[in-house]
Amino acid sequence: MSEASKHALRLLGISKSYAHVRALERLSFDVVEGRFFVLFGPSSVGKTTALRTIAGLVKPDSGQVEINGKDVSQAPIAGRGVSMVFQSFALYPHLSVFENLAYPLREERLGREEIAKRVKETATMLKLSHRLERKPNTLSGGEQQRVALGRSLIRRPKILLLDEPLTNLDAKLRHDMRAELKRLHQQFGMTIVYATPDELEALSMGEEIAVMRDGAVVQHGTPDELYENPVDMYVAGKIGSPHMNIITAITGADKTTFETALGKITARSKIKSVASGEAAILGIRPSDVRFANKGEAGVKSTVQMLEPLGDVTVVSIVARGETLRMVVPESAALALRPGQATSIFLDHKKFHVFRASDGQAIT
Amino acid sequence: MSETASMWEKLGFRKASGVSEAGWGQTLFAGLISLIYFLPVLLIIITSFKLQTEALAIPPKFIPTHLFGLIPDAYVFTPTLENYTSVFSRSMTAGAAAENTGFDRYFFNSIVIASVSVFLALIIGTLAAFGFSRYPLKGNDTYLFVILTTRMLPAIVVIIPVILMFRITGLSGSYLGIIMLYTAFNLPFTIWMMKSFFDELSLDVEDAARLDGSSDVKVFFKICLPQVIAGLAATFVFGLILTWNEFLFALLLTGVDTRTVPVGMSQAVAGGGIGVLWGLLAAIETLFLIPVFFVTFFLQDHLLRGVTFGTVKR
């Protein structure tokens with residue numbers, strides 16, 4: 001009981017198909033009350049359908065949606081205490097900003113004064129006070145976004161669903177809104193389910209992330225857990241930028257060492273679920289690759305390309321035929337030139353091991 | 001408004017943003033082309049103020065004033081309102097007392113029949129269009145196609161079964177009959193037009209309203225309908241013009257009491273055996289033009305938006 005009641009939201013084996021497409025395939029996850037929860041995955045992976053199912057706009061073919069421990073799968077939309085910000089903002093184009101914000105309150109049949117007060121509060125909070133008489137299509141993208149947000153917040157929902165809310169904004173605004181959304185979450189403490197295909201948004205905002213593939217959750221955890229212990233190559237490839245370096249390997253006889261082009265690499269621990277001689281894939285984060293210090297046994301390599309990103313530089317190097325990327329502080333990268341010979345140090349403990357056949361992590 | 005506001009903008013004409021103003025030459029050229037389009041209507045209006053002899057004069061008398069002696073006498077006519085008074089009441093045979101021509105009734109009939117049937121078609125058609133757009137049936141497109149087939153044949157082909165139906169049901173000559181017919185006649189167009197407007201609307205907006213607590217009925221009235229006002233206006237005007245000018249069905253299916261202006265007009269042309277009374281005919285036509293002219297004028301802002309709906313990227 002106590003376990004169930006802590007969850008603001010719980011999806012149990014939700015499946016949903018449209019005419020020829022399987023949108024959700026036994027999707028399950030639960031969200032603790034007050035969490036900033038991110039549904040992360042590329043487009044058309046089922047994120048929007050998942051949100052619409054939670055909102056009640058989509059009736060699942062099977063499975064159960066629980067809100068505050070109650071099954072609402074077949075319940076009407078009203079009364080769920082859920083509101084949603086759409087990717088397209090979905091403002092009412094024929095109504096002024098004031099009326100857009102007031103709409104949910106009018107539907108709740110609140111008094112005129114109460115509505116005016118709440119609209120004023122919300123508009124002040126979102127810096128929209130000077131725009132109340134305008135029609136949505138005369139506003140900038142950022143303002144439209146804030147109206148959409150205000151319209152969802154004004155009802156004081158228990159659960160706020162955000163469907164790629166920043167996709168239609170420009171880069172600078174996106175950055176500001178990320179901070180703004182985090183601030184609103186801290187201020188109101190409601191449960192947020194945030195769908196995004198953007199890794200940076202997921203990692204910077206999510207307290208918990210569910211990585212989705214083909215309508216189901218592949219891995220669910222904190223950003224750190226996903227980064228440190230990806231369950232398979234899909235998650236490893238999606239989380240972390242630049243992407244993980246991938247090296248093909250053959251499992252050694254002791255199931256602990258792996259033969260690679262870069263030499264023998266010893267895994268963190270003995271791996272049982274792999275046969276000796278079986279193909280495996282080793283992965284190492286670009287941030288875990290560094291240049292060898294004097295006296296260390298490094299792997300000889302050549303600098304191939306430099307991508308300065310401001311404070312850090314992504315350096316591509318070639319070592320014994322394998323191309324690896326590493327992240328180097330800008331100061332250290334200044335001395336590097338393409339074609340320069342160097343030596344890199346690989347910390348064996350940092351390697352992730354995946355089975356080549358299905359991509360599952362076996363470390 | 002910026003300080004570079006042109007004379008037109010000061011007069012309240014709005015200019016599309018990012019469009020540079022046309023030069024005087026272009027404006028003049030456009031005016032000339034418009035005049036060519038407007039010429040037949042202008043001729044009718046001028047003729048309505050002429051006596052029969054002036055209406056038939058060659059060379060034509062085209063202006064009611066000498067313009068301070070600039071225009072020679074041969075081109076000038078003396079305007080008269082006689083045609084307008086005789087639209088409603090005149091002597092049918094030479095020397096007889098003036099009698100009612102029935103045109104007051106015809107105008108009343110035209111206004112009632114056209115507006116009621118176009119309104120009915122708009123109400124039924126809009127609901128049907130919303131249904132076709134949001135709650136598609138199996139074979140939705142087939143239904144829409146079938147609805148349109150009723151307008152694929154010329155009216156003259158359809159008229160015979162319609163007359164038979166009207167005779168059997170006793171609807172001939174009644175208001176109910178002609179209103180029902182015109183409503184049915186307007187429906188395909190209304191449904192297709194309104195469906196295209198509803199199809200353009202964002203479904204997310206409707207879902208947002210559902211999440212905000214609106215029922216499907218409220219979503220229709222408070223969210224969808226207000227967004228297609230321009231479309232409603234455009235559909236209304238086109239339907240009104242079609243119905244207002246309809247002649248064939250009205251000729252065959254209205255009685256003396258329910259006769260519309262186009263039918264009355266055709267009889268006035270032939271009337272009296274003294275040739276066509278051009279001045280009188282022009283006066284009827286001018287009066288006939290006024291209601292549609294005003295409706296269109298007042299709705300023209302919506303009309304333009306309605307017609308260009310969806311062609312502009314949102």
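Just so you know, all these numbers are worked out from the coordinates, no wet-lab data involved. What you are looking at is a predicted structure, and each value in this text was computed from that prediction instead of being measured. Every residue, glycine among them, receives a Cβ derived from its backbone with ideal geometry; neighbour counts consider all protein chains shown.
Observations, loosely collected:
- Too-long pairs where the Cα-Cα distance tops 27 Å, listed order kept, from A:K6/A:K120; A:K6/B:K218; A:K117/A:K182; A:K59/B:K218; A:K47/A:K172: A:K6/A:K120; A:K6/B:K218
- Label sites at B:L51 and A:A275, each approximated as a point 7 angstrom past Cα along Cα to Cβ, lie 11.7 nm apart.
- The ranking of B:T47, A:T323 from fewest to most other beta carbons within 10 Å of each one's beta carbon is A:T323, B:T47.
- DSSP-assigned coil residues among GluC sites (Glu not before Pro) in the stretch A:77-161, each with at most 16 further Cβ atoms within 10 Å: A:E108, A:E133
- Trypsin sites (Lys or Arg not before Pro) lying in DSSP loop within the stretch A:1-107, provided at most 16 other Cβ fall within 10 Å: A:K6
- Of all DSSP beta bridges in the protein assembly as shown, antiparallel share, percent nearest 5: 75 percent
- Fully extended contour minus Cα-Cα distance, from B:R151 to B:I163, at 0.36 nm per residue: 2.6 nm
- Directionally averaged projected area (convex hull, Cα atoms, the stretch A:1-128), nm²: 10.1 nm²
- In Hz, Karplus ³J(HN,Hα) per residue of the stretch A:58-63 (6.51, -1.76, 1.60; θ = phi - 60°; x = Gly, Pro): 10, 8, x, 5, 8, x
- Distance cut-off 12 Å, percentage of C-alpha pairs in the stretch A:130-182 lying past it: 68 percent
- For A:S62, residues with placed amide H under 5 Å, excluding near neighbours: A:S15
- Taking amide H as placed 1.01 Å from N in the peptide plane, A:F291 has its amide H under 5 Å from the amide H of A:F345, each at least 5 places away in sequence or on another chain.
- Among B:L242, A:L282, the order by Cβ neighbours within 10 angstrom, fewest to most, reads B:L242, A:L282.
- Take the convex hull of the alpha carbons in chain B; its mean projected area over all directions comes to 24.2 nm².
- Shape category assigned to the stretch B:113-183 from the gyration tensor of Cα positions, a/c cut at 1.5: oblate
- On the basis of the beta-carbon distance and an R0 of 35 Å, A:A116 and B:S196 show a calculated FRET efficiency of 0.35.
- Inverting the pair-averaged 1/r between distinct Cα atoms of the stretch A:66-136 gives 13.9 Å as its Kirkwood hydrodynamic radius.
- Distances between placed amide hydrogens fall under 5 Å for A:A216 paired with A:E25, all partners being 5 or more residues away or on another chain.
- Centroid-to-centroid separation of the stretch A:244-262 and the stretch A:113-162 [C-alpha atoms, Å]: 55 Å
- Distance-filtered residues of the stretch B:185-222 - backbone nitrogen under 19 Å, label point 7 angstrom along B:I124 Cα→Cβ: B:185-196
- Shape class of the stretch B:28-80 from the alpha-carbon gyration tensor: oblate, with a/c at 1.5 or above and b/c at least as large as a/b.
- When only alpha carbons are used to place a centre, the stretch B:239-298 and the stretch A:267-330 end up 89 Å from one another.
- Neighbour counts of other Cβ atoms within 10 Å put B:V116, A:V318 in the fewest-to-most order A:V318, B:V116.
- Average Cα contact separation per residue, the stretch A:2-237, under 8 Å, 6 or more apart, as relative contact order %: 29 percent
- For A:K70, the aspartates and glutamates whose Cα falls under 18 Å of its own Cα, not counting residues fewer than eight places away in the same chain, are A:E3, A:D30, A:E33.
- In order along the stretch B:58-64, the phi-based Karplus estimate (6.51 cos²θ - 1.76 cosθ + 1.60, θ = phi - 60°) of 3J(HN,Hα) comes to 10, x, x, 8, 10, 9, x Hz; Gly and Pro are listed as x.
- Computed over the alpha-carbon pairs of the stretch A:11-52, the distance histogram in 10 Å steps reads 25, 55, 17, 2 percent, short to long.
- Shielding by other protein chains, A:77-83, mean Cβ within 10 Å: 3
- Scattering curve values for the stretch A:2-237, log₁₀ I(q)/I(0), Debye with Cα scatterers, q = 0.11, 0.12, 0.13 Å⁻¹: -0.56, -0.67, -0.79
- Per-residue shielding of A:101-110, expressed as the average number of other chain Cβ atoms within 10 Å of the residue Cβ, stands at 3.
- Put a dot 7 Å past the Cα of A:D254, heading toward its Cβ, do the same for B:V276, and the two dots end up 11.2 nm apart.
- Longest DSSP-loop-exposure-free segment, chymotrypsin sites (Phe, Trp or Tyr not before Pro), chain B, at most 15 other Cβ within 10 Å: B:69-246
- Overall Cα dimensions of the protein assembly as shown - principal axes, largest extent first, Å: 130, 62, 54
- Annotation for A:R290 and A:S44: the two label points, set 7 Å from Cα along the Cα-Cβ direction, are 4.4 nm apart.
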